[in-house]
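Report on one structure; see the data block that follows.
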Amino acid sequence: MSDLPRTAIADLPDEERQVAEALIAALGDGLAALAWQGSWARGEANAESDHDMFVTMRRLDSELLGKIAKVMAGRDSWSLFIKTEEELRQYPRHGRLQFRHGMTLLHGDFEQPPVARAEVLADVRHLANEVEQEARYRLVHKRDTRQASPDHARHARILYYWAKMGVLALKGRELLNGRDYPLTREALRERISDETELALIDLVDFWPEFRPLYETDFVPMALLLDRFVRQFVSGLPAE
């Protein structure tokens, strides 16, 4: 089965422990595995970070989804990624790196979707394409050069999410280049010298400080993401 590291539920921070115990109790034998992931699991969360867990289900129906919803009621700073075992077996080529890096098992086990060079390349291409689309859509369709729009805060928040996806693309590129996966942004930063890529990592690392500025005007943020993608894609292998 999976080769992920394991963490005892008793050793989790209080909020994660409470959610893990509640999900295990509520889902019973329908639950195949529970894993902790995201910035809190990596030890690099900031004031804007959500709590993230991955839930693998042996089966899933409206009743079980209702039980999960009941556990998560009132927990606005949480994100659950829920998949059945069959859905994992049918998982697309991109997006598989999340099941290999930055995740620690808390309960049960699951079969990780296989990852080879082709899947890594598909992943980084997909991430770059999505970042590009989000940045250019807002630069072309949502940019208001006359005044700050009330929607700027929402656009900035969305672009921050895609900046994080850009950082994941940079991490995936390390695998394509034959190096090990840098689990944290600090480890990634030590390998990078390009100013645009460093600025992208800074954007994610110091988002609470940058947020008021970009909520007033998201355009410089979108331009950074667009510049990053153009540069990043030009350096990817053809196959």
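Before moving on, here are some points about what is shown:
- Strands (runs of 3 or more DSSP E) within the range 1-106 that include 2 or more residues polar (S, T, N, Q): 78-84
- Scope the range 84-114; condition open to solvent by 50 Å² or more (accessible area, probe 1.4 Å) and under 17 Å from the mean Cα position of the chain (by Cα); matching residues: P92, R93, H94, Q98, R100, H101
Yes/no matrix, rows are residues, columns are (1) of a type in the set (F, W, Y); (2) open to solvent by less than 10 Å² (accessible area, probe 1.4 Å); (3) at pLDDT 95 or above:
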residue	(1), (2), (3)
E15	no, no, no
A26	no, no, yes
A35	no, yes, yes
E48	no, no, no
M53	no, yes, yes
T56	no, yes, yes
G66	no, no, yes
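- Hey, I201 of a type outside the set (G, A, S), free of Cβ contacts under 8 Å to residues at least 60 places away in the same chain, in a helix (DSSP H, G or I) and open to solvent by less than 70 Å² (accessible area, probe 1.4 Å) or not: yes
The values are calculated or read from the model by the stated rules, or taken from the named source; none is laboratory data. Since this is a predicted model, take the numbers as computed values, not measurements. In this analysis, Cβ positions are derived from the backbone assuming ideal geometry, glycine residues included, and neighbour counts consider all displayed protein chains. All accessible areas refer to the heavy atoms of the entire protein, side chains included, with ligands and DNA or RNA removed. Shrake-Rupley method; radii C 1.70, N 1.55, O 1.52, S 1.80 Å.
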